[in-house]
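Comments concern the structure below.
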Amino acid sequence: MAWSIHLAFFGEGEVWPWLGLAVLAVLLRHGLQILRDWSGQQLAFAVRADLREELIATATRLGPVHLSHRGHSGSWASRYQEQVDALAGYYARYLPALGLTVAVPGLLLAAAFSQDWVAGLLLLLSAPLIPVFMALIGMGSEQIHQAQQERQNRLSGHFLDRLRALDLLRRSLALEAARHDVAKAAEDYRRLSMRVLRIAFLSSAVMEFFSAVAIGLVAIYVGFALLGFVEFGPAGELTLFSGLFVLLLAPEYFQPLRQFAQSYHDRAGAIAAAAELAPVLQPPAVTGQRSEPLATVSDTALVELHNVTVRYEADAQPALYGLQLHIRRGEQIAVVGPSGSGKSTLLALCAGFIQPESGSVTTGAAARPFAWIGQRGHLFHGTLRENLLLGAPYNSSDAELGDAMASAGLRLDDPTLPQGLDTPIGEDSRGLSGGQAQRVALARALLSRSLFWLLDEPTSALDPQTEEDLLTRLLAHAREQGITVLVATHQESVYRRLGRIVRLADGQLQEDNGV
Ligand code: ADP
Ligand code: MG
């Protein structure tokens, strides 16, 4: 472009070929930029997809017990969504910008020096100023980014908690306080976000300022040299071509640096997100041995615990200590004890959700798959059919679903289920009573055809009448099918109906009438 302008001015030759070449170069440049952006986006996309898969794999591997220990569902949602996305800028913009920052200014500098070493020197000297100022501004930015993301996690959890408890909040007339709470948390988050933005804008502004000053210096030098006011060095040999050439190169020289400065903000955000994500992807601190399949193949043994000790935290009191327990097939066992005595831990151990610190857990083939029913059967947002089919390892017909529901004591023509199997169920079992939700959970367990049922205080949230009915159905069905049942409970009305009672206190076995 510089050469064609030079030619046009002095009429020393044909302008058009050179102008065509310039247009071609501009097109090529845009094509390469598109390629660069596209490949950066592809890379960022692949990284995010991998990471999301890894997060899901980790959550699955951790199991429900350790999972809940690594943050509430709100922060998991925020990790999965926003924090993984926060990494995108690093791969899509920062890495390509870094490569260009190393390669392009060096090349352009060589080109400038080839024409006029004073102009080259001006560019060379102004460039290092920029990283220095950037570093000064960027130093605090990583911590601020990290604080912002922590706050975002907390805000997600905070909001989700209150949303879930909306009913309770309304009934306890605490809506106004909760609203104020959420507003305050959001305001804190806003303030922190503004700090992040301020740093981003400030660093861009510094960058723009210095590049503008440097370009201005080059322009002044070129202008005065062409006018013949500069006697110094190579100024006398400067032509319109070389002057224009250097002047056109100057903004390009700073362009990669400017992009780098902008993407520096992406980098800080990505590092903060990675710092939040990395510990989540770590294996649990207390791993213990994996439970082994039952070595001594015996027809009667289902789960054998030998001298098992479980600790959740390396230096905490053991949740179970020196436990010795043999569960035979078809047994109906009540695990009783006060709250905190280790009942749920024992069930989680039998399920393989956690591993013992010492001792061994061996399980027979019939112990997998197992069915789990907790205090409140968790039903997902979806139809009744979808919720029932969740546990079924095969495609059950509607008739089978109806049978399972009937065995659980819930008829499909019940007026509260106006659309039968297609009745929509709200998040967290909304629309069903506690008893109905437990019945759906029971029907789901029946459909799974598991031969091992783990029930963690399955009736504690129900009224005595419903509890009685549900237990009768459950135990009768288990007896009929030879299902092994382990029920954690502290209600006498429950455990007096089971054959064997295992009593725990402070994680130790107090009584076992089935040895
Ligand atoms: P129970 O079901 O009989 O009420 P748990 O098995 O839930 O008793 O708890 C036994 C002990 O282990 C308690 O001291 C409890 O605080 C502790 N505990 C249970 N779950 C966890 C966990 N995920 N992380 C840390 N400690 C836990
Ligand atoms: Mg419990």
- Message: Accessible area per residue for region 173-262 in Å², computed with a 1.4 Å probe and the full protein assembly in place, what is it?
- Response: 56
- Task: Could you tell me which of rounded, prolate or oblate describes region 464-515, using a ≥ b ≥ c as the square roots of the eigenvalues of the alpha-carbon gyration tensor, with rounded for a/c under 1.5 and, failing that, prolate when a/b is larger than b/c and oblate otherwise?
- Result: oblate
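Inverting the mean 1/r over all pairs of different Cα atoms, compute the Kirkwood radius of region 302-408 and quote it in Å.
16.3
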- Post the alpha-carbon centroid distance, region 38-72 to region 232-259, in whole angstrom. 48
- Distant-in-sequence amide H partners of Gly499 (H built 1.01 Å from N, under 5 Å): Gln332
- Task: Taking just the C-alpha trace of the chain, give me its Rg and Dmax in Å.
- Result: 34.8, 111
- Taking the Cα-to-Cβ direction at Tyr394 and at Leu160 and moving 7 Å from each Cα, how far apart do the two end points lie in nm? 3.6
- In region 356-446, what percent of the accessible surface is made up of carbon and sulfur (1.4 Å probe, ligands and nucleic acids excluded)? 53
- Query: Each residue of region 50-64 in order: what ³J(HN,Hα) in whole Hz does its phi give by Karplus 6.51 cos²θ - 1.76 cosθ + 1.60, θ = phi - 60°, with x for Gly and Pro?
  - Reply: 4, 5, 5, 4, 5, 4, 5, 4, 5, 4, 5, 5, 4, x, x
- Message: Counting only protein heavy atoms and a 1.4 Å probe, tell me what percentage of region 1-123's accessible area is made up of carbon and sulfur.
- Response: 70
- Expected 222 nm ellipticity per residue - DSSP helices of 4 or more, -39500 (n - 2.57), all of the chain, to 500: -19500 deg cm²/dmol
- Between region 439-488 and region 161-194, the Cα center-to-center distance that results, in Å: 38
- Query: Quick one: which of 437-443, 460-466 comes out on top by average Cβ neighbours within 10 Å, and what's the full order, highest first?
  - Reply: 437-443, 460-466
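Rounded, prolate or oblate: which one fits region 383-490, using the alpha carbon gyration tensor with axes a ≥ b ≥ c (rounded when a/c is under 1.5, else prolate when a/b beats b/c, else oblate)? Intermediate results must be reported in sequence, preceding the final value.
Numbers: a/c = 1.72, a/b = 1.21, b/c = 1.43.
Taking the square roots of the gyration eigenvalues as a ≥ b ≥ c, region 383-490 is oblate.
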- Please identify the longest segment of the chain free of exposed chymotrypsin sites (Phe, Trp or Tyr not before Pro), where exposed means a DSSP state other than H, G, I, E or B and no more than 14 other Cβ atoms within 10 Å. 1-228
- Residues whose modelled amide H sits under 5 Å from the amide H of Leu302, counting only those 5 or more places away in sequence or on another chain, are Ile327, Arg328, Arg329
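The values are calculated or read from the model by the stated rules, or taken from the named source; none is laboratory data. None of these values were measured; they are calculated from a predicted model. Counting neighbours? That spans all protein chains shown, and the Cβs are built from the backbone with ideal geometry, glycine included. These area figures cover heavy atoms from the full protein model, side chains too; ligands, DNA and RNA do not enter into them. Shrake-Rupley method; radii C 1.70, N 1.55, O 1.52, S 1.80 Å.
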